[in-house]
Amino acid sequence: QLQFVESGGGLVQPGGSLRLSCAASGFSLENYAIGWFRQAPGKEREGVSCISSSGSTTVYADSVRGRFAISRDNAKKTVYLQMNSLKPEDTAIYYCARRFFACSQYQNEYVYWGQGTQVTVSS
């Protein structure tokens, strides 16, 4: 089967850190850009970050730039999202999905969405 599995979420206090993992199943990762997205209760899903297939280009939403870092390990078929200095507004379900080669601002160009992992930032 072709899918992603997101993991690494949890409950963390403001200012804390989490590292999310996006593991691919059923395909190799090297030809795909991988995007991270999130959806908070009552809000639309938004793009968080993306890394190109080569890893040479990374993209971050303004709200997370400087706090989050995306990386990839093709051998492990996994993309990571290091989340530092977490804020309550980062609370959401985080998803990953793929697109050929390059990142895109259009969510409908990404496929094979995972089940998501819950991140809750609260004191």
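The values are calculated or read from the model by the stated rules, or taken from the named source; none is laboratory data. All values reported here derive from a predicted model rather than from experimental measurement. When we count neighbours, we look across all protein chains shown, and the Cβ atoms used for this are built from the backbone with ideal geometry, even at glycine. Just the protein is used for accessible areas: all its heavy atoms, side chains included, with ligands, DNA and RNA removed. Shrake-Rupley method; radii C 1.70, N 1.55, O 1.52, S 1.80 Å.
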Carbon + sulfur, % of accessible area of the range 2-80 - ligands and nucleic acids excluded, 1.4 Å: 46
For the range 56-123: accessible area per residue (Å², 1.4 Å): 54
Among 24-32, 4-12, the order from most to least packed when residues are scored by Cβ within 10 Å on average: 4-12, 24-32
Potential lengthening between residue 17 and residue 109 on full extension [0.36 nm per residue; Cα-Cα distance subtracted]: 30.2 nm
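In whole Å and largest first, what semi-axes does the C-alpha gyration tensor of the chain yield when each eigenvalue is scaled by 5 and square-rooted?
Numbers: eigenvalues 99, 39, 38 Å².
Here the semi-axes work out to 22, 14, 14 Å.
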Inter-label distance for residue 102 and residue 7, nm, one decimal - labels placed 7 Å from Cα along Cα-to-Cβ: 3.4
Calculated Rg and Dmax of the range 55-114 using C-alpha coordinates, Å: 12.3, 33
Contact order normalised by residue count of the range 8-123, Cα under 8 Å, 6+ apart, percent: 36
